[in-house]
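The values are calculated or read from the model by the stated rules, or taken from the named source; none is laboratory data. Keep in mind it's a predicted model, so treat the numbers as computed, not measured. No Cβ is skipped: glycine too gets one built from the backbone with ideal geometry, and neighbour counts run over all protein chains shown.
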Amino acid sequence: MKDRLVVFDTTLRDGEQSPGASMTREEKLRIAKSLERMRVDVIEAGFPVASPGDFEAVKAVAEAVTESTVCGLARTRPEDIDRCAEALRNAARARIHTFIATSPIHMERKLNLRPEEVLEQAVNAVRRARNHTDDVEFSAEDAIRSDPDFLCRVFEAVIAAGASTINIPDTVGYTLPHKINELFRGLIERIPNADKAVFSAHCHNDLGLAVANSLAAVLGGARQVECTINGLGERAGNAALEEIVMAVRTRQDEFPCDTGIDTQEIVNCSRLVANITGFHVQPNKAIVGANAFAHEAGIHQDGVLKHRETYEIMRAQDVGWNANRLVLGKHSGRNAFRTRLKDLGIEFEREEDLNLAFQRFKELADKKHEIFDEDLQALVTEAGVEEANERIKFVALRVTSETGETPEARVILSIDGSEQTGSAPGGGPVDAAFRAIEVLIESGCTLQLYSVNAITSGTDAQGEVTVRLESAGRIFNGHGADTDIVQASARAYVNALNKVLAPVEREHPQISEHV
Ligand code: KIV
Ligand code: ZN
């Protein structure tokens, strides 16, 4: 009997800390339900003390998820822990994850605390968390750059105080596979009460080694991996869940453990996260990239046709790649629509939301005759965007573009309930549309990124647009999808502007004045 490797997903917490990846309560709920369907063991839903919105999102996930443990992050401050416990109160299974930095540079420069004070705060935090739940995780932030002797003392003390998971983060993505393997082996061997806790790896990808380091930690004794869908996360991101899970599954000859993940849900969840955050997956990304299972070179194709294993080590269908299925068409009814969405893990809390999505489906089916799963997922995200309580609403756009002529755009927006029209010329139709919007809004933002991605194949495919705006040092992402990419671009721009106009004040758990 192999050990269980606990999969701890932090897409909704560490992933969301990525600039521009912030999610609404509804978006977090959709991702959490998808993770639950995938049978993720622990879902870290957020940092409840960060803002009232973060608290509500964690609470909503805790109430909606019944199969996975729902976890909230808390610094060692008593108010963080109590707020976290309050958000998790109705969870079927709740975990409090508390952390404090243990490396000399973090203790001296960030916390301004002596090692003894850090140890004391860690123990007090775990004790306080244990008053709320039996499932307490402790993380030593920047463990990789910490003194192993000090780590041993801290971990022994927090296990004695009641922590049942010990997380060893590579916060800055600095370690190498053989180093982290030695560290896990050494700590597990030296800590007298190590058998009372599950050791966990949490690797960042600054050197592109997050997955390799996580796997090396598993070989060194870790039985929990912390990861995110598509490797989402700050800077270069976290370890990608799908890569860790498939490496462990594919190389069962090497690993003494296995996960309980339903791998057929992977692609679905990956698309959902990309869709909601606008962080698209590169085509050659392992497991979930569009080319991950495409064998284009003739020699490969020939080999695969003769005998699949010649070039394939996994089967596309095992991770949920279905050959783009034609799911619904123009004449499909509301029930068929609802059923298909349910199969994709999408359920609406309110009947109005289903109605809005169905209306968008009918409009799309008029323009595009074949509707695929990917179209449905984008459409539901779009319907959510429209529903949101936004100050600016996109009403209409007219763009003229002709060879040899300067493109012109005329946009109608509803701003705080009043319709206004703006016009502008531009270098191209998209540029003209953005300028026309700016004639009305005058946001002063700079455009940092503009990207278009065809959701499915064919010239009638929906274009999925991401716009990233920068305003006063903060990043805001907007999304839009439409068969007309200029319309999709304008919607994405408006979506980003709405976020600029209503920035959410939230504390960052690691970079904050209150530590
Ligand atoms: O990277 C890190 O150190 C973290 C901790 C808060 C666990 O995300
Ligand atoms: Zn992290």
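Details
- Out of R39, R13, sole residue that is within 14 Å of ligand 1 (Cβ to nearest atom), within 29 Å of P256 (Cβ to Cβ) and not aromatic (F, W, Y): R13
- Condition met for C203 (free of Cβ contacts under 8 Å to residues at least 40 places away in the same chain and within 16 Å of ligand 2 (Cβ to nearest atom)): yes
- Condition met for A240 (within 16 Å of ligand 1 (Cβ to nearest atom), within 26 Å of N453 (Cβ to Cβ), crowded, with 24+ Cβ neighbours inside 10 Å and free of Cβ contacts under 8 Å to residues at least 60 places away in the same chain): yes
- Across region 196-227, the qualifying residues are those that are closer than 22 Å to C71 by Cα and charged (D, E, K, R), and the one among them that is surrounded by the most Cβ atoms within 10 Å (Cβ to Cβ) is E226.
- Taking the criterion of being more than 16 Å from ligand 2 (Cβ to nearest atom), closer than 20 Å to D142 by Cα and part of a loop (DSSP other than H, G, I, E, B), the residues of region 63-105 that qualify are T76, R77.
- Listed by first and then second residue, the pairs with beta-carbon distance under 6 Å, at least 6 apart or on different chains, first residue in region 11-32 and on the phi > 0 side of the Ramachandran plot, second more than 14 Å from ligand 1 (Cβ to nearest atom), are G20/R468; G20/I475; G20/N477.
- Which numbered condition T228 misses (of (1) within 16 Å of ligand 1 (Cβ to nearest atom); (2) among the polar types (S, T, N, Q); (3) out of contact with any Leu (no Cβ under 7 Å at 6 or more places or on another chain)): (3)
- Within region 160-212, considering residues that are β-branched (V, I, T) and over 30 Å from the mean Cα position of the chain (by Cα), the one nearest to C227 (Cα to Cα): I188
- When residues of region 457-515 are limited to those that are hydroxyl-bearing (S, T, Y), buried (at least 17 other Cβ atoms within 10 Å of the Cβ) and under 28 Å from E363 (Cβ atoms), the one farthest from ligand 1 (Cβ to nearest atom): T483
Residues are listed down the side, and each one gets a yes or a no for (1) among the hydrophobic types (A, V, I, L, M, F, W, C); (2) modelled with pLDDT under 95; (3) buried (at least 21 other Cβ atoms within 10 Å of the Cβ):
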position	(1), (2), (3)
D9	no, no, yes
L12	yes, no, yes
S68	no, no, yes
F99	yes, no, yes
E116	no, no, no
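- When K342 is tested against the conditions (1) under 27 Å from L232 (Cβ atoms); (2) in contact with a helix residue (DSSP H, G or I) (Cβ under 9 Å, 6 or more places away or on another chain); (3) at pLDDT below 85, the lone failure is (2).
- A125 being within 26 Å of A502 (Cα to Cα) and away from ligand 2 (no atom under 16 Å from the Cβ): no
- The set of residues in region 236-261 being within 16 Å of ligand 2 (Cβ to nearest atom) and among the polar types (S, T, N, Q) consists of N238 alone.
Let's see how each residue does on (1) of a type in the set (G, A, S); (2) modelled with pLDDT of 90 or more; (3) in the same structural domain as L73 (by TED's automatic domain parsing):
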residue: T466; (1), (2), (3): no, yes, no
residue: I475; (1), (2), (3): no, no, no
residue: S489; (1), (2), (3): yes, yes, no
residue: Q510; (1), (2), (3): no, no, no
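- Looking at D206, D262, just one residue is modelled with pLDDT of 90 or more, within 16 Å of ligand 1 (Cβ to nearest atom) and of a type in the set (D, E), and that residue is D206.
- When the test is whether a residue is assigned to a helix (DSSP H, G or I), touching an Asp or Glu at 6+ places or on another chain (Cβ under 8 Å) and crowded, with 18+ Cβ neighbours inside 10 Å, R271 passes it.
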